[in-house]
Structures are given as C-alpha cells and as structure tokens.
Amino acid sequence: MTDTTVLAPARGVLDQDWRKIVNYGLLLALAEVFIALANMPVGLDDFILIEPILSLGYVSLLWLPLLLGYSIGTEKVLEGVTSHAKGAREVVAGACVGLIGGGGVSGLVLLLDNFDLRDPLVNWSPQLLALLAFDNGVGYGVGVWLAIGGGLGLLGGSMHLIAPLARRVVSTMVLAVVGVAVLETILSDIAEDLFLEWLADWIYFIRGGVSLHGAATVAVVAGAYAVWGSKAVKGAKASYQALEGVERKQANKVSIAVVVAATILLPLVLGKITNELLANVGLFLLLALGLNIVIGLAGILDLGYVAFFAVGGYTTAILTSPNRGDSWPTWIPQVWWVVALMLVIVLAGLTGLFIGAPVIRMRGDYLAIVTLGFGEIIRLLFLSDWLGGFTGGAQGVTNVPGVQVFGLANVRGTDPRAVFYLVAFFCAIAIYVSWRLEKSRIGRAWMAVREDESVAEAMGINTVNVKLLAFVVGAVLASFSGAIFAAKVGSVFPTSFIILVSIVILIVVIVGGMGNIAGVVAGSVVLIGVLGGPKQPGLLQEFSEFKLLIYGALLVWMMLKRPEGLIPNVRRTRELHQDEFLQDAWLKGQIDEGDETGDGGEVAPA
Amino acid sequence: MSDSPRSGATPLLEMRGVNTHYGAVHILKDVELSIYPGELVCLLGGNASGKSTTLKTLLGMVTPTSGDVVLDGEVVNGQPTSYLVERGVTMVPENRRLFKRLSVKENLELGAYLRTDKDGIQRDLERIYGLFPRVYERLAQKSGTLSGGEQQMVAMGRALMSNPRVLLMDEPSMGLAPALVQTNFQLIQQIHEEGVAIFMVEQNANMALSIADRGWVLQTGRVVLDDTADALLANPELRASYLGEA
Ligand SMILES: Nc1ncnc2c1ncn2[C@@H]1O[C@H](COP(=O)(O)OP(=O)(O)O)[C@@H](O)[C@H]1O
Ligand SMILES: [Mg+2]
C-alpha cells in the first residue's frame, strides 16, 4: 500500500462481502479437516515446540485460521481505486472465517465420535479424537475448537489494526520462535560445534522443544531484528543497487569470495549430520542446475531427467565396484572413479542423444509424457532380466568404493564432509558453465527457442540441434551427480532412480525460479535441506511422512502467488505480473486507445 | 514504380510449379511467382488461402512436394532455413511474434544470429536505431511490454539485422490500429528504398497494391491473378470479389 493513497473511511461492521467470508470459511474448514485426516496432528504431536504448551501437531491446525483470518481482510490495492481504512469490519470478517473453520474441526470431532470410517480413512482413529477433544470429552472439544477458530481468526483480522511495523515485529517473532523450535536438531548441533552449548541449553528444554524463557529470548531478539536489523539489510541492498559499473563488479567479486570462503570453511566447523544434509543438497543442486538448463533456458519440459542420474550412478558403480553383475567378462578392470567419470560423460551424452533425438521434435506436452516414459524405461532396463546380469537386477551393484583423491582422502558416505567438498566442486563447475552458457550465443538461441520455436527457426537457428545440445548438457550434469551419488552411498539399486526423483528436481527448479541460478540454489537448500529429497531425510525428519504433501502444497502456492520463484529475477517478475500492471495502467486510463499492446499472436487465425 | 527490374535479369527468388502438402492436405497448387532484386511485390488472398504457407515454403520451413524454390538461379528445395537466411532471405512473421520475454536488444541480436561480422552487426544496429528512434529508446525493455506499433518496428529491425536482400513480410498490418497501418506502409517503403526487395503478404489489398510494383492473388492455394499492381487495382473481377466493392 502506498503512503500517498488516500483512504476512504472504514466501512461499517456489517458492510461485509458475506459470500467471500463463507467461501474462505469453508475453505478453511476443508483444509483443517484434510490436515487432520492426513494425520499431521497425531503424527507430529510428539514434536514439542514450546515445552510444555505447544506441539507441532497442534500448530499444524492453528496456523491456517490465523493466516486466513488475516487474508480475508487484505485487498489488492490498485492505484486509482478507493480503498478503505481498516477497522472493526476486518476483525469481524476474520473472526467469522475462523469460526466457520473451527466449526469444521468441531464437526469432525462429532463425526469421529459417532462413526467409524477407519476403512477408507486410515487415520480415522481414537488418537485423533482424543487429540482433537483435548482428552476432555467431545462437548469440550467442540466448544474449544469453535473458540480457537473464532479467536485465531479474530487475532488474524486484528493484525490489520496495528501499524505495519508492529505487524512485521509480531510476524517475525512468531516465525522465529517456530523456526528455532522446528530446527532444534540442527541448531543445537551447530551451536555445539561453535562452542555455544550454553546458548542451546538456555533456549531448548532438555527433552526437546523450546523452553518458555528460551522462546521469550528468541522473540525479543527477532523483534529487535524486525525493528532495526531489517532496515540495515535493506539499506545495504539499496546501496548495492546504487553501485555502478566497476564498483558493482567489485562488490560482486567480494560477495562471491565470501560465498566461496563460507562454502569451504563452514563444513569444517559443522557436525556430521549437517554435512550430510549439505552433501545431499549439493547432489540435488547439481541435478537441478542441469534441469534448469533444459527447462529454464531451452524450455524443454523433460520429466524423465532421472534417467541421466541413473546412467551416471550405474556406470560409476559398475566400473569401480568388485561386486558388479556377473555377466561382465573378467578382463574389464575396476578403475579409479575419475577414469570412470570420463566414461560416464561419454555415456550420459550418448544417452542424451539417444533419448533426445526422437523426442526433441515433439511439442511440449507430448514431449513431457514421452520423456516421463523414457525415465521409467531406463530404470526398468537396469532392473530387467535382460540387463540384470550386467546391472545386478533388483540386487543392484554394491561395494562401490569411495573416490580416492591422490592418497589424500577417500571420499565416501562415512565422511560426509569430503563428499560435500567433492559435490561442491562439481556444483561450482555447473554454476560457472550455466552462467557462461546463459550469456553466450547458444544461450540466446535456447531462449529464442523457448520463447517461440518457429520464429527461432525463421531466424536461421537450427532448433533441433540447439535443443539436443541442451538435452545433452543437462544429461552430463545429471550424470556427475549420479557418479558422486554412487560413490557416496556405496551402492546403486533400481529403486534409487524412481520417477519421484525427476518430480522433486522439477519442483526444486520451479520453486527456485526457472532459468535463475541463484533461485535454483535457494530452492535446493530450502527444499532438500529442510524437507529432504525423495529418499534422503532433510532437517525436518518428522515431516518425512508429509514431505510430498508439503511439496505439492508449496508448488501450488508458488504457482499462484509467486510464479517467478523464490528469488525472482526482475525481468521475469515484470512479465508474470504484467496482467496486474496492465490493469493498473488501464484503471489510470493510460493505455492509449487504438495502439493496443500487440498481443494478437493467440487470437489470430493461421 | 513502373520501371520494373523484371526485364532480362535473373529473379532473386522464385517458385516454379510448387505444390505443398500438410500431411494429406494439398495446400499450394502449382504456384509460380518470382521476386526480382529491389522489387516491392505483394501476394493477396483471403484467410487460409495459403499465403503464410507460401512464405514458409520460400524460407525452407516447409518443403515442397513437387516443384522448385529457386534462389539466384539455384534450386534450394530441402535446404535448411539457415541456408536461405545466410544468403539474404528473411521473414517478418505474422503478428510480429517477438521473443516476448527477451529485451529489445536481445531480439535484434537474434536477428543477426547467423552473422559473424561484428563490425557489420554494429553498423546495422545503428542503421536500425536511425530508422526507428523509438526502438533505441527501449533497448533494455522486455519486448512483450511494447505497444503494437513498437513491436512492429522491432520485428522489422530484427529481420533487417540479418542484412537481407529480400524481406518476406507476413501481413504486416494485421492487428495494428488503423492510424498505424499508414505509418507502417511508409516504413516498408523506406526500407524498400534502401534497396531491399520486399515480398509482402496482405489482406489489405488496396493499401498493399498502392505501394507495390506487382501482385499475385491466391485462392485456395492457386494463383488466380498475376499482374502489375496498377492493372490489378483496375481489375474489375478483383475489385468485385476482393476489394469489397459491389
Ligand atoms: N502446420 C499446419 N498443419 C496443417 N495444416 C496447416 C498448417 N498450417 C496451416 N495449415 C492449413 O493450411 C491452410 C493454409 O494456411 P495459411 O498458409 O496459414 O493461410 P493464410 O496465411 O493464407 O491465412 C489452412 O487451411 C490452414 O488450416
Ligand atoms: Mg497467414
């Protein structure tokens, strides 16, 4: 909201858009029932956030009424449209939404008490009933949930009444306390490594969860940051953006140096668990960077990307392990990982050509389906009787040795720090390559093909070759990740390369922001690091049961609210929000009549 | 405009008895036409008569099932589009079709995709800035956010960046506001006067014929009229059926 907008006086309490309130309320009720039946409250009840009052199980139900209670009162502020000051009306709207939502949970309590639907709904359990009724009888549960819903909705709505700064302080405090509580394992691990055990002991309760005084401490620090810290950060950002030419390049160099130094130094002080997480993040980052070239730059929706990961993993395993399938003639030696990698590059490139050549001429949606099929075919081939003698079939290839680095180190799973360094090295290469390619002639050609393939062809771009090249570059990057994966885990099985891997990488790329290297890095850290990969545990191991649900929800939310990804690049943002921009302009009467924005491409007949 | 360069010289680009199919559907039927160096000619025809297909066939994006496309006397059937672009044939596609998420500058540079002469590219960029000052003001802007008229300029600029000898234009006035159509035709003439041959596909027959040397009329993939622009303008048949006069 701009400060210059003149606000009309607040509307009356009863001047509500009741239909919208009912919609929001029903949405809330539905979401709450869904969360409850997805077993989140029971499954996460043992995860104590604040000792002794709050578990993550309850939080899974409590955050939504607050959020929707607030968002019912927000309106899209378009310039030129009168907007009203916020008042009691928003609070009432929030409370009504919350009340309907609470009613949904109450209804669930009654149903749980009277019917047994355990057959279709596996989580329809007495535990759920007990949890929702607070171990205190059905009537109590019904009443309390109505009160909680209404109360939280009201609280959310009343967030409109306080000043923006206060709102920021409150939300930062809440998020910080929940964040610190949820990230307990990792934070106390880091604290130990940094000799800050005393701090962890102060904040965390012995048997898990944040203690009350710990929560207060965190809240105070977060509040202080919201008031002063974020201003400093913003200032720094603004002054960076004001830099020009040489100075800006220098600033960039400095920040790259800082990132590199942190990447090298941090793992030294971090513990095993953290390094293991970072190694997984790296493996998936490498995959995501490759897929980002294929999808983000060249616009090829490849859903079978896991195939190249599998080729890298299997090739490395077979070439380096003494325990490969028994159809191999004995004269084929076991080789050093680096030698195997050379062959991995060649084979991945060939696989890229082999899969790419037939599919690359297809249109987007067909291509997506066919690549999805190829991804599975590769996995099934490794599993099949036909190749089983070479790939070990369902037994896979085991005893894969680590990576010997000139007698200095043996990089394998038992030493996650070393794995991290190895994978970081390859990520650095991948980032550099992506960045150079993006700026190059071939990068231009990829973008042209992504934007409009037949016009790209008319410019003289050989679209088939250019797309194949993107496919092959992506394949090789994925195979690097596979090669490291095999050495890290020490074995490969067909089940390591299921479709879900492709989907997760795709989500990382989309959530991070397609075609945006920094965004892909952020996406990997947040999704893989915090939630975990398809089979790899993340920071929140308690969430692993709900990982896919959260991935899906996140994906939908991102597509709706932030299609440009976590770290937007300015250009994409402008394009994706252009509709809003045009609306604004139209409302201001700024589009000159007659000279309409030339967007006729879709409506014109061929 | 009657001093046609047709006498004697070899045509720059020709179609000789071309037939084209999309799958089993016969689109172009025995099409004959020729474009001479420095000419401004136009192809008229209603919706779905095969105008765009003609251009795509000339540029090698569609391969004829029989007959020849001939460039400088050489048969170029089956050659890739890049072969023709390198030799001076370029298209301004229907509806401009800019690379919307790329900047104006990037669009222009993509027009010169096949060129390696850095100095020449720079010179042509400046030529285009001179021709279209509006484009210069918006180099960093994303091309999808330009107005229709500006997009048309970028599309023409992008095509000129390949340093063409002949420009194939697919319905340049489609989707433009009436006031802009006039300006647009002036720009086309201006480019023509710099020595670039122009082969223009249009539904706006009156306007097109008023600046063209010669024209063809296409009806369901067959050339039904082939004459000088003046003669076509005077042709009662055309006036009745096509120029919308009773
Ligand atoms: N890629 C294609 N595949 C199949 N049919 C097509 C294709 N492109 C055009 N056509 C058909 O060919 C005919 C001529 O199209 P086109 O050359 O675009 O006509 P015009 O440009 O004169 O409107 C139309 O009937 C159209 O539907
Ligand atoms: Mg057409």
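The values are calculated or read from the model by the stated rules, or taken from the named source; none is laboratory data. Everything numeric in this text was worked out from a predicted model, so none of it was measured. Cβ sites come from the backbone with ideal geometry, for glycine too, and all protein chains shown count toward neighbours. Only protein heavy atoms, including side chains, enter the accessible area calculation; ligands, DNA and RNA are left aside. Shrake-Rupley method; radii C 1.70, N 1.55, O 1.52, S 1.80 Å.
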(request) Please find, within segment B:74-85, the residue that is nearest to the other protein chains (Cβ to nearest Cβ) out of those that are open to solvent by 20 Å² or more (accessible area, probe 1.4 Å) and in contact with a Ser or Thr (Cβ under 8 Å, 6 or more places away or on another chain). (result) B:Gly78
(request) Could you list all residues from segment A:320-352 that are surrounded by 15 or more Cβ atoms within 10 Å (Cβ to Cβ), assigned to a helix (DSSP H, G or I) and not β-branched (Val, Ile, Thr)? (result) A:Trp337, A:Ala340, A:Leu341, A:Leu343, A:Leu347, A:Ala348, A:Gly349, A:Gly352
(message) Please go through segment A:436-460 and give me each residue that is in a helix (DSSP H, G or I) and more than 10 Å from chain B (Cβ to nearest Cβ), ordered by number.
(response) A:Arg436, A:Leu437, A:Glu438, A:Lys439, A:Ile442, A:Gly443, A:Trp446, A:Glu453
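Residues checked against (1) crowded, with 20+ Cβ neighbours inside 10 Å; (2) among the aliphatic types (A, V, I, L, M); (3) part of a helix (DSSP H, G or I); (4) within 27 Å of the chain's Cα centre (by Cα):
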residue: A:Lys20; (1), (2), (3), (4): no, no, yes, no
residue: A:Gly25; (1), (2), (3), (4): yes, no, yes, no
residue: A:Leu30; (1), (2), (3), (4): no, yes, yes, yes
residue: A:Asp46; (1), (2), (3), (4): no, no, no, yes
residue: A:Leu64; (1), (2), (3), (4): yes, yes, yes, yes
residue: A:Thr74; (1), (2), (3), (4): no, no, no, yes
residue: A:Glu90; (1), (2), (3), (4): yes, no, yes, no
residue: A:Gly94; (1), (2), (3), (4): yes, no, yes, no
residue: A:Ile100; (1), (2), (3), (4): yes, yes, yes, no
(request) Report yes if B:Met156 is within 12 Å of chain A (Cβ to nearest Cβ) and either in a loop (DSSP other than H, G, I, E, B) or more than 16 Å from ligand 2 (Cβ to nearest atom) (or both), otherwise no. (result) no
(request) Would you tally the residues in segment B:112-149 being touching a strand residue (DSSP E or B) at 6+ places or on another chain (Cβ under 8 Å) and part of a helix (DSSP H, G or I)? (result) 1
(message) Restricting to segment B:15-46, name every residue that is charged (D, E, K, R) and either open to solvent by 30 Å² or more (accessible area, probe 1.4 Å) or within 13 Å of ligand 2 (Cβ to nearest atom) (or both).
(response) B:Arg16, B:Lys29, B:Asp30, B:Glu32
(message) Going residue by residue through segment B:47-68, is there one that turns out to be open to solvent by less than 10 Å² (accessible area, probe 1.4 Å), away from ligand 2 (no atom under 16 Å from the Cβ) and either part of a loop (DSSP other than H, G, I, E, B) or touching a residue at least 12 places away in the same chain (Cβ under 8 Å) (or both)?
(response) no
(message) Just checking, does segment A:128-145 include any residue being open to solvent by 20 Å² or more (accessible area, probe 1.4 Å) and touching a residue at least 60 places away in the same chain (Cβ under 8 Å)?
(response) no
(request) Residues that are open to solvent by 70 Å² or more (accessible area, probe 1.4 Å), away from every other protein chain (no Cβ under 13 Å) and at pLDDT below 55: find the helices (runs of 4 or more DSSP H) completely inside segment A:540-589 holding 1 or more of those. (result) A:578-587
(message) If A:Gly156 meets every condition in (1) outside the structural domain of A:Ile48 (by TED's automatic domain parsing); (2) part of a helix (DSSP H, G or I) apart from one, which number is that one?
(response) (1)
(message) Just the residues that are open to solvent by less than 10 Å² (accessible area, probe 1.4 Å) and in a helix (DSSP H, G or I), please, taken from segment B:86-111.
(response) B:Val104, B:Asn107, B:Leu108, B:Leu110, B:Gly111
(request) Please enumerate the residues belonging to segment A:170-200 that are hydrophobic (A, V, I, L, M, F, W, C) and surrounded by fewer than 19 Cβ atoms within 10 Å (Cβ to Cβ). (result) A:Val170, A:Val174, A:Leu175, A:Leu183, A:Ile190, A:Ala191, A:Leu194, A:Phe195, A:Leu196, A:Trp198, A:Leu199, A:Ala200
(request) Starting from residues that are within 14 Å of chain A (Cβ to nearest Cβ) and among the β-branched types (Val, Ile, Thr), keep the ones in segment B:25-73 and report whichever is farthest from B:Pro93 (Cα to Cα). (result) B:Val25
(message) Just to confirm my filter: which strands (runs of 3 or more DSSP E) fall fully inside segment B:167-246 and include at least 1 residues that are within 16 Å of ligand 2 (Cβ to nearest atom) and crowded, with 23+ Cβ neighbours inside 10 Å?
(response) B:197-202, B:214-219
(message) Looking at (1) within 12 Å of chain A (Cβ to nearest Cβ); (2) under 21 Å from A:Gly460 (Cβ atoms), which one does B:Gly144 not meet, given that it meets all the others?
(response) (2)
(message) Within segment B:112-126, does at least one residue satisfy the condition of being in contact (Cβ under 8 Å) with a residue 60 or more places away in the chain and crowded, with 17+ Cβ neighbours inside 10 Å?
(response) no
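To keep it simple, each residue is scored yes or no on (1) of a type in the set (A, V, I, L, M); (2) away from ligand 2 (no atom under 16 Å from the Cβ); (3) under 19 Å from the mean Cα position of the chain (by Cα).
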{"residue": "B:Asn95", "(1), (2), (3)": "no, no, yes"}
{"residue": "B:Lys105", "(1), (2), (3)": "no, yes, no"}
{"residue": "B:Leu108", "(1), (2), (3)": "yes, yes, yes"}
{"residue": "B:Ala112", "(1), (2), (3)": "yes, yes, yes"}
{"residue": "B:Arg115", "(1), (2), (3)": "no, yes, no"}
{"residue": "B:Asp119", "(1), (2), (3)": "no, yes, no"}
{"residue": "B:Gln122", "(1), (2), (3)": "no, yes, no"}
{"residue": "B:Ile128", "(1), (2), (3)": "yes, yes, yes"}
(request) Hey, could you check segment B:156-171 for residues that are touching a Leu at 6+ places or on another chain (Cβ under 9 Å) and within 16 Å of ligand 1 (Cβ to nearest atom) and say which is nearest to B:Val135 (Cα to Cα)? (result) B:Met169
(message) List pairs: first residue in segment B:12-36 and of a type in the set (Gly, Ala, Ser), second residue assigned to a strand (DSSP E or B) and open to solvent by 20 Å² or more (accessible area, probe 1.4 Å) anywhere in the structure, Cβ distance under 8 angstrom, at least six positions apart or on different chains.
(response) B:Gly17/B:Asp30; B:Gly17/B:Glu32; B:Gly17/B:Ser66; B:Gly17/B:Gly67; B:Gly17/B:Asp68; B:Ser34/B:Glu14
